[in-house]
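Trainee: Next up is a structure, given as C-alpha cells.
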Amino acid sequence: MNLLLLRRLCLLLALLACVQAAGAQTSRIKRAQRTMADLNYSDAIQQFNQILETSDDANAKIALAEAYRKINDPINAEYWFGQIVRLPESSPVHKLYYGQALQQNGKCDQAKEWFAIFMNEQPDDLRGQYLGRACDYEQELLTRSAGVYAVSHLEFNSALDDFGAAVYEDGILFASDRSQGVAVKRDHAWTGNPFLELLYVKTMRTDQADPQTTVYGTPDKFDKTFNSKYHEAAVTVAEDGTQMFFTRNNYKDGKLGRSDDGIVKLKVFYADKKGKEWGELQSLPFNSDEYSVLHPAISPSGRRLYFASDMPGGFGGMDIYYSEKENGRWNPPVNLGPNVNNEGHQAFPSVAPDGHIYFASDGHVGLGGYDLYYTTEKAAFEFTLPENLGAPLNSTADDHSILLLEDGGFGYFSSNRTGGAGKDDIYSFVRTGIPVEVLVIDADTRLPIEGATVLNGCTSGSSVTDVNGIAAMGMSDEDKCKFTASAEAYEEATTEGTTLNFKGSKLIVELPLKPLKEYSVEGFVFDESSGAPIGGALVTLTSPLDPKGVTSLTNTDGRYTFDIVKGMCYSVRASMQDFLSARADNLCATDTARTSVFDVDLFLQPTIYGGPKDSDLAGTPIRPDNDPDARLYQEGGTGLYVDAKTGKPADGVINGRTFKNGSVVNAGGKFDRGLSDIKAGDAIPYLLHIYYDFNMATIRAEAREDLDGLYAMLTENPEVIIEIGSHTDARGSDDYNMRLSQRRAEAVVRYMEQRGVHRDRLVPRGYGETVPVNNCNNNVPCSEREHQFNRRTEFRVLGCSTCEDTGKRSQPREDVEVSRCRNCPF
C-alpha cells in the first residue's frame with residue numbers, strides 16, 4: 001500500500017470515529033431529555049453532568065440548570081444559570097431564574113441587576129416588577145416583625161422533607177419522605193427520596209398557658225386509609241375533626257392516572273369520619289388528569305375550601321382558588337384574582353382564626369424563594385394586595401405551609417432555611433410581642449397615605465405603608481416606642497406607641513402627616529373686551545374636600561396666587577361686579593401633572609358697557625415691566641410689545657388682545673350687531689343662540705345646550721336677575737311681531753321655570769323687529785339666512801354681584817338651521 005493511500009485511509013477512519021462519537025453524544029442527550037420529561041430530575045442531573053464532562057452543550061446546560069431549580073438546589077442553580085444567561089440560546093426567563101437563585105443565596109444586589117434585565121425584556125411579566133423591588137425592601141422585611149415572634153425548630157424533624165403541619169386530635173399531622181423501614185424501598189424519581197407519607201405525632205404541654213412548653217412524641221404513620229405507595233401531603237382537617245382533605249398523586253382504588261402527556265398529576269381527596277373510622281376516599285369534582293389540584297385548606301365554617309392549582313385560565317404557575325360548598329356539593333373554583341395571583345407560583349393556602357388567608361409565593365416582593373403572605377377578602381371576589389410577614393417567619397430560603405392557632409399567637413410553618421435537620425423542616429412560632437399597625441394619614445383630609453416609610457425607634461426596623469396607609473411592625477410587651485413616618489410631599493412626623501397594660505391582640509397607632517405645599521395655582525384676571533388686567537377681582541379656589549374654598553383679591557396688576565396640596569384636584573373662579581365670572585376646572589396636582597405651577601389666566605366678560613375703548617392702548621403695559629413672570633412687555637423707545645417667551649414682537653391673540661408685529665390690532669371683544677347706540681352704563685345683551693322657525697315661538701331642540709348653560713349660571717348665582725329678550729325678523733306688522741317676540745321670551749321663561757328657576761328672577765321682554773342684527777329692515781330684500789339671524793333670543797344681567805360665565809359670545813351661530821318663509825316676497 002503506497003503512502004498516499006495509507007494517509008487517506010487514516011483520514012477516513014478518523015472521520016468515521018468523529019461521526020460515531022457525535023452520534024453517541026446525540027443519543028445520550030436525547031436519553032437525558034426523556035428522563036427530564038419523565039420528571040426524573042435526580043437521574044437527569046447525573047446524565048447531563050456526564051454529558052457536560054466531555055461536551056460544552058448549551059441545551060444540556062439549560063436542562064441541568066432547570067433540573068436543579070426543580071429540586072430546589074439554589075447553589076447549583078445559580079452556577080448553571082449564571083453560565084446560561086451569557087449564551088446566545090438564553091431566553092428572558094433564564095435571567096429571572098438566575099436572579100431568584102442569587103437572591104436565595106443572599107446576593108440581592110446582583111439579583112436586582114438581573115431582575116431589571118428580565119423586566120426590560122419582559123415588561124408585561126409582573127414578576128420582574130415585584131422581585132425587582134424585593135431587594136429594596138430587604139432590610140424592612142428583615143426587621144418589620146422584630147420582637148414579635150419566637151421561632152423554634154422541632155426535634156422530630158428528619159434529614160429529609162418534613163412539612164405541612166395540621167392539628168388533629170391530640171397532636172399534629174404532617175408530610176414526610178423519611179424512610180419508615182419498610183422491606184421494599186420506593187424512591188420518587190423527582191428528588192431521589194422516598195415518596196411522601198402522612199405522619200402523626202402526639203403533643204403535650206407541660207404548661208397549658210405557654211405554647212413554648214409543648215413536648216412532641218415520636219412520629220408514626222397515619223391511618224392507612226390515606227397513605228398509599230405514592231405521594232400524600234398537605235393535609236387539612238375540619239374544625240370538628242370529622243372531615244379531612246389531603247393531596248395525593250392521581251392514584252385511587254389501585255389505579256394510577258396520567259395526563260395525555262404521560263404525567264401523574266396531583267389531586268385533592270377527602271374522607272368523612274364515622275365514629276372512629278374514616279370512610280371511603282372521594283375526589284373533588286374539579287380534579288383533573290390534565291392539571292394538578294393540591295394544598296387544600298378548609299375554612300372554620302367548613303363551607304369554603306381553598307387550594308392551589310395550575311388549571312387553565314390562571315395567571316401563571318400555581319394560583320390560589322376557593323370553592324364554596326352548597327347543598328352538599330362543591331361549586332366551580334373561583335380564582336383569588338390578580339392582586340394575589342401572578343405569573344409565579346402561589347401555593348400552600350391556610351385560613352387563620354382572624355379570617356386572613358395565608359399562602360406562600362415566589363412571585364411577590366419577598367426575601368427569596370417562597371415567602372409567607374396574607375390577604376383579606378375585602379369584597380365579593382376581591383382580595384387585598386398580599387402583605388409579607390417578614391422575618392423571622394420568612395427567610396431567604398423557602399418558607400411555606402403556615403398554620404396559625406390560638407388567635408394567631410401560636411402556630412407552625414415549614415422552611416428549608418439553614419440550621420435545620422434536613423431539607424424542609426417544621427418550625428413552631430409563638431407571639432412574644434405585640435403586632436403593631438401604624439396608620440399613616442393625611443392630616444388635612446384624613447385619607448390614608450400609601451408608600452410612607454415608618455421607622456420603629458425601638459428596633460430600628462422600618463416598614464412601608466400599604467394601600468390602606470398601614471405599616472405592619474412589632475413591639476415587645478410593656479414597652480414604649482417612637483414611630484417616625486415620612487412620605488413625599490409631606491412633613492416628617494413622630495408619635496409614640498405603648499404596650500404598657502395593653503390587653504388586646506394588636507396595637508393600632510395613628511400618625512398624621514401635614515402636606516408640603518409644593519404646588520400652586522397662579523395667574524391674572526383680565527377684562528375680556530379690552531384685555532386690561534382687573535384689580536380687586538375676587539378669586540376663589542375650591543376642591544372636592546373644601547367646596548366653600550379659600551378666596552383672594554387680585555392686586556392692581558390683576559395677579560393672584562394660591563398654594564395647593566399634592567394629590568388633590570382644584571377649580572379656580574374669578575368674579576367681579578359688572579362682569580360675568582370665569583372658571584377653570586380639573587387642576588390636578590398629581591405625579592402625572594406636567595407642572596407644579598398651574599398658570600391660569602381668567603377673562604371676565606363685562607355685563608355693563610363701559611364706554612369707548614382706546615384701540616391702540618399705546619404706552620399701557622399688559623403687565624408691569626418689573627414683573628419677572630410677565631408674558632408681554634413694552635420696549636422702551638419703540639413702544640412695541642414683545643413676547644417674553646420668544647423675545648420677538650408679539651404676534652397673534654395674547655391675553656384677549658390681537659397683536660401683529662408688536663402692535664395692537666384689536667383690543668378684545670367688541671359690541672357689534674347694531675349696538676353702536678349703546679351708552680356707557682347700559683347692560684350688555686349676550687346672544688343665547690336660540691333661534692326660531694318663521695312665525696313660531698317654539699324652542700328648537702338645538703337651543704337646549706344654551707338654555708342648560710343659562711340654567712347653570714342662574715343656579716350658581718341665585719341673586720342674579722336677568723332679562724330674556726326675544727326678537728323677530730322684519731316681515732309682518734310691527735304689532736304682530738311685538739306680540740310674537742313676547743311669546744318667544746315667555747317660552748324661554750317657562751322652560752327655566754320648569755327647571756326650577758323662580759319667575760321673579762326672569763324678566764321676559766319682546767323687542768319685535770326693532771333691534772335687528774343686520775340691515776334687514778322693512779321692505780329691504782334679504783336672504784332667508786339673514787332673516788333667520790334676527791329671529792333670536794338674548795339675555796342681559798339687570799342686577800348681579802357675581803355671575804357665572806356661560807361662555808357665550810355676541811356672535812351669531814354660523815351653522816344655524818334656517819327656516820324658510822315660502823310665501824314671503826323677500
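Trainee: What is region 383-428 by shape, rounded, prolate or oblate, if you read a ≥ b ≥ c off the alpha carbon gyration tensor as root eigenvalues and call it rounded for a/c under 1.5, prolate for a/b larger than b/c, and oblate otherwise?
Mentor: oblate
Trainee: Determine the gain in length on full extension of the stretch Asn120-Leu256; use 0.36 nm per residue of separation and subtract their C-alpha separation, reporting nm with one decimal.
Mentor: Result for the pair: 44.6 nm of gain on full extension.
Trainee: Leu154's amide H: which non-local residues (gap 5+, or another chain) put their own amide H closer than 5 Å, with H modeled 1.01 Å from N in plane and none for Pro or chain starts?
Mentor: Under 5 Å from the amide H of Leu154: Ile426, Ser428.
Trainee: Name the aspartates and glutamates eligible as straight-distance cross-link partners of Lys503: C-alpha to C-alpha under 18 Å, and not fewer than 8 places from it in the same chain.
Mentor: Asp210, Asp354, Glu406, Asp407, Glu437, Asp477, Glu478, Asp479
Trainee: If you stretched the chain out fully between Asp170 and Glu324, how much longer would it get, using 0.36 nm times the residue separation minus the C-alpha to C-alpha distance?
Mentor: Gain on stretching Asp170 to Glu324: 52.6 nm.
Trainee: Could I ask something else about it? Does region 342-411 classify as rounded, prolate or oblate by the C-alpha gyration tensor (a ≥ b ≥ c root eigenvalues; a/c under 1.5 gives rounded; else a/b over b/c gives prolate, otherwise oblate)? Could you put the intermediate results ahead of the total?
Mentor: On the way: a/c = 2.03, a/b = 1.12, b/c = 1.82.
Note, shape of region 342-411 comes out oblate.
Trainee: So if we plug the beta-carbon distance of Glu406 and Val93 into 1/(1 + (r/R0)^6) with R0 = 30 Å, what FRET efficiency do we get, rounded to 0.05? Write down the numbers at each step before the final one.
Mentor: Working: r = 42 Å, r/R0 = 1.39.
Once rounded, the FRET efficiency stands at 0.10.
Trainee: In region 278-340, which trypsin sites (Lys or Arg not before Pro) fall in coil by DSSP and have 15 or fewer other Cβ atoms within 10 Å?
Mentor: Arg303
Trainee: Explain nothing, just compute: Karplus ³J(HN,Hα) = 6.51 cos²θ - 1.76 cosθ + 1.60, θ = phi - 60°, for every residue of region 118-125 in order, whole Hz, x for Gly and Pro.
Mentor: Each residue of region 118-125 in turn: 4, 5, 5, 7, 10, x, 8, 8 Hz.
Trainee: While we're on this one: Name the trypsin sites (Lys or Arg not before Pro) in region 720-765 that are in a loop by DSSP and that have at most 15 other C-beta atoms within 10 Å, would you?
Mentor: For trypsin sites (Lys or Arg not before Pro) across region 720-765 that sit outside H, G, I, E and B with at most 15 neighbouring Cβ atoms in 10 Å, the list reads Arg755.
Trainee: Same structure, new question: Taking the simple approach of a point 7 Å from Cα along Cα-to-Cβ for both Arg765 and Lys378, what is their distance in nm?
Mentor: Here the modelled spin labels are 5.9 nm apart.
Trainee: For Gly279, what residues show an amide H to amide H distance below 5 Å, using hydrogens built from the backbone and excluding near sequence neighbours?
Mentor: Sorted by chain and number, the residues that satisfy this are Asp272, Lys273, Lys274.
Trainee: Taking all protein chains together and a probe of 1.4 Å, list Thr218, Thr384 from the most accessible to the least accessible. Could the numbers behind the result be given before it?
Mentor: Details: Thr218 120, Thr384 30 Å².
Most to least solvent-accessible, the answer reads Thr218, Thr384.
Trainee: Got a sec to turn the phi values of region 374-390 into Karplus ³J(HN,Hα) couplings, 6.51 cos²θ - 1.76 cosθ + 1.60 with θ = phi - 60°, whole Hz, x for Gly and Pro?
Mentor: Running phi through 6.51 cos²θ - 1.76 cosθ + 1.60 with θ = phi - 60° gives 9, 9, 9, 7, 8, 7, 4, 6, 9, 10, 6, 4, x, 10, 6, 6, x Hz.
Trainee: Pop a pseudo-label 7 angstrom from the Cα along the beta-carbon direction at both Gln129 and Glu53 and give the gap in nm to one decimal.
Mentor: 4.8
Trainee: Give the accessible area for Arg446 in Å² (nearest 10); use a 1.4 Å probe, count only protein heavy atoms, and leave out ligands, DNA and RNA.
Mentor: Here the residue's solvent-accessible area equals roughly 130 Å².
Trainee: Please list the non-local residues whose amide H lies under 5 Å from the amide H of Ala537, H modeled 1.01 Å from N, same-chain partners needing a gap of 5 or more.
Mentor: The list, which skips near neighbours in sequence, is Thr554.
Trainee: Express in Å², to the nearest 10, the accessible area of Ile449 obtained by rolling a 1.4 Å probe over the protein heavy atoms while all chains stay in place.
Mentor: My reading of the accessible area for Ile449 is about 10 Å².
Trainee: Would you check the accessible area of Arg34, probe 1.4 Å, heavy atoms only, in square angstrom rounded to 10?
Mentor: About 140 Å², ignoring ligands and nucleic acids.
Trainee: Using a Förster distance of 45 Å, how high is the FRET efficiency between Val215 and Arg303, based on the Cβ-Cβ distance and rounded to 0.05?
Mentor: My answer for the efficiency is 0.80.
Trainee: Something else: Which of the GluC sites (Glu not before Pro) across region 32-135 are loop residues per DSSP, with 13 or fewer other Cβ within 10 Å?
Mentor: Glu89
Trainee: Then there's this: For the pair Asp563 and Asp289, how long in nm is the line joining their label points, each one 7 Å along Cα→Cβ?
Mentor: About 7.3 nm separates the two model spin labels.
Trainee: Please turn the phi angles of region 252-265 into ³J(HN,Hα) values with the Karplus equation 6.51 cos²θ - 1.76 cosθ + 1.60 (θ = phi - 60°), one per residue in order, whole Hz, x for glycine and proline.
Mentor: 8, 6, x, 10, 9, x, 10, 6, 4, 9, x, 9, 7, 7
Trainee: Along the Cα-to-C-beta direction of Ser520, a point sits 7 Å from the Cα; which residues of region 563-581 have their amide N less than 11 Å from that point?
Mentor: 563-564
Trainee: Mind giving me the FRET efficiency for Ala701 and Lys506? R0 is 60 Å, r the Cβ-Cβ distance, nearest 0.05 is fine.
Mentor: For Ala701 and Lys506, the calculated efficiency is 0.45.
Trainee: Still on this structure: Extension gain Thr551-Asp207, at 0.36 nm per residue separation less the Cα-Cα distance, in nm? Don't skip to the answer; put the middle values down first.
Mentor: On the way: separation 344, 0.36 × 344 = 123.84 nm, distance 6.85 nm.
Extending this stretch completely gives an extra 117.0 nm.
The values are calculated or read from the model by the stated rules, or taken from the named source; none is laboratory data. Predicted, not measured: the structure shown is a model, and the values here were computed from it. Because the Cβ atoms are built from the backbone with ideal geometry, glycine has one as well, and the counts that use them run over all protein chains shown. Heads up: the accessible areas ignore ligands, DNA and RNA and are worked out on the full protein's heavy atoms, side chains in. Shrake-Rupley method; radii C 1.70, N 1.55, O 1.52, S 1.80 Å.
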